[in-house]
Amino acid sequence: MRKIRRIIVCLLISTSAVAADADNRQTLILSEAQRDHVLEEMRALLSGTRNILMALSTDDMASVAQSARPLGLGMAHKAEDHFKSVLPKEFMQLGMSLHQDFDQIAADAESRKDPKLTLRQLSDAMSKCVACHDTYRIGTTPSSEQPAQAQKHEHHHHH
Ligand code: HEC
């Protein structure tokens, strides 16, 4: 019995070590203000998504559209100029495609009023949240491996 327990403990320790090593996400080097901006948009995405789900639970499709629309391309265009030069093209494209999905969700909620369709669209859209989070993390410390990006730091102004 004791031996088995020891084996289990060893297994647990080794899997958690592997999990810690598995953070292969690409680090985006941003200024603090830029990071705050990205994270603020992220929190808006999370609470908007939650509002859509709540509206869906009562088949309130007008409210689904109302919650989805602010997460559409309108939200992206505000941030785009700010970030085009800083964030990788793939990151921007994934973000744009997610905002497009929310516009589509809003439009279909109004015209087709089909909660099941919205749920399917939302879960497809959220696979982009998952994909991006699996790929990127944000760092604000300039890395010696990325001197070009670290240099941008010097031109940053605090507000
Ligand atoms: C194009 C890339 C991308 C997409 C798409 C994306 N995120 Fe994020 N998100 C990030 C990055 C990068 C971070 C920072 C992660 C880190 O540094 O560990 C983040 C962080 C967050 C955070 C933490 C915010 C904070 O204040 O710390 C939340 C919540 C979040 N995302 C929600 C979402 C939701 C919900 C969706 C989809 C509806 C989504 N994100 C889609 C890139 C993305």
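Computed over segment 32-134, the Cα gyration tensor eigenvalues convert (square root of 5λ each) into semi-axes of 25, 13, 12 Å, ordered from largest to smallest. Using a simple spin-label model with pseudo-atoms 7 Å out from Cα toward Cβ, residue 94 and residue 26 lie 0.8 nm apart. The heavy atoms of residue 80 present about 50 square angstrom of accessible area, all protein chains included, probe 1.4 Å. Residues whose amide H falls under 5 Å from that of residue 29, counting only those 5 or more places apart or on a different chain, are 139, with hydrogens built in the peptide plane. Output wanted: per-residue J couplings in Hz (rounded whole) for segment 25-39, from phi through Karplus 6.51 cos²θ - 1.76 cosθ + 1.60, θ = phi - 60°, x for Gly and Pro. So the Karplus estimates, Gly and Pro as x, are 5, 6, 8, 8, 8, 10, 6, 4, 5, 5, 4, 4, 5, 4, 5 Hz. Heavy-atom accessible area, probed at 1.4 angstrom with all protein chains present, ranks 127, 63, 31 as 127, 63, 31, highest first.
For segment 32-134, the carbon plus sulfur part of the accessible surface works out to 54%, probe radius 1.4 Å. Here r is the Cβ-Cβ distance between residue 111 and residue 132 and R0 is 30 Å; the resulting FRET efficiency, rounded to 0.05, is 0.60. Among the protein heavy atoms, those of residue 116 account for about 140 Å² of accessible surface (1.4 Å probe, every chain in place).
The values are calculated or read from the model by the stated rules, or taken from the named source; none is laboratory data. Just so it is clear, the structure is predicted and the values come from calculations on it, not from any experiment. All Cβ positions, glycine included, derive from the backbone under ideal geometry; neighbour counts span all protein chains shown. Side chains included, ligands, DNA and RNA excluded: accessible areas come from the protein's heavy atoms. Shrake-Rupley method; radii C 1.70, N 1.55, O 1.52, S 1.80 Å.
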